[in-house]
Amino acid sequence: MYWSTLLDGMLVGFSASLPLGPIGVLVIQRTLQNGRFSGLTSGFGAAMSDTIYAIIAGFSLSYIVTFIESQILWIQLGGVIILTGLGVKIFRTNPAIQLRKQRAGKHSLVSDFVSTFFLTLSNPLAIFLFIAFFASFRVLKPEYGIWGHLIIIGGVFAGAAAWWTILTSLVALFRSKINLRRLFWINKIAGSAIVVFVIVAFTFWVLAEYY
């Protein structure tokens with residue numbers, strides 16, 4: 001039973017991570033600019049954040065869900081501002097300066113993990129995404145008990161981590177063909193894409209929620 005619940009959790013984690021939103025674009029950009037480990041560490045930060053939301057959804061921590069529902073507009077707006085600022089920063093980033101910092105040892109994998117963790121955490125709608133996935137795949141059952149549910153949550157992290165490993169590995173294959181000029185334009189495109197993703201997603205959410 002435990003192997004089955006682990007695989008169920010991995011399926012949920014992998015599926016929830018598949019949509020290539022602003023975090024996905026950020027992971028790709030970091031992989032191309034700083035290397036596979038930078039992208040992978042960033043992806044693991046996102047996976048950890050998703051796991052926290054999966055815990056809230058899976059264990060029905062209603063008081064947290066209630067608080068998020070009551071403050072959803074302000075939390076969403078804060079996430080939009082942070083991610084838009086990130087997109088603008090990437091757009092304005094000079095890849096030559098970033099590469100010099102990396103060679104000088106000023107680039108930190110810890111900061112990659114922490115920054116992506118909090119950026120992903122700024123999207124509380126992930127809770128409701130996991131609630132929907134858990135309901136659709138019917139993975140949470142009373143007979144599993146606390147240990148079964150914990151294994152499912154561990155599977156969520158493993159599934160999300162598997163997706164980020166696959167994505168960064170594929171992107172890293174093309175890194176050797178990226179020169180500074182191409183990286184310059186990749187930063188422009190990635191920064192613009194993050195801003196567009198965030199604004200469009202927020203606009204659709206506001207229209208669906210209030211109109």
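Rounded if a/c is under 1.5, else prolate if a/b beats b/c, else oblate: with a ≥ b ≥ c from the C-alpha gyration tensor eigenvalues square-rooted, which is the stretch 1-54? It comes out prolate by the Cα gyration axes.
Say R0 is 41 Å: what FRET efficiency, to the nearest 0.05, do ILE178 and PHE118 get from their beta-carbon distance? Intermediate results must be reported in sequence, preceding the final value.
Numbers: r = 28 Å, r/R0 = 0.67.
Taking R0 as 41 Å, the efficiency between ILE178 and PHE118 is 0.90.
We did not get these values from a lab; they are worked out from the coordinates using the rules stated. Since we're looking at a predicted model, the values are computed, not measured. Heads up, the Cβs are rebuilt from the backbone with ideal geometry, glycines too, and the neighbour counts pull from every protein chain shown.
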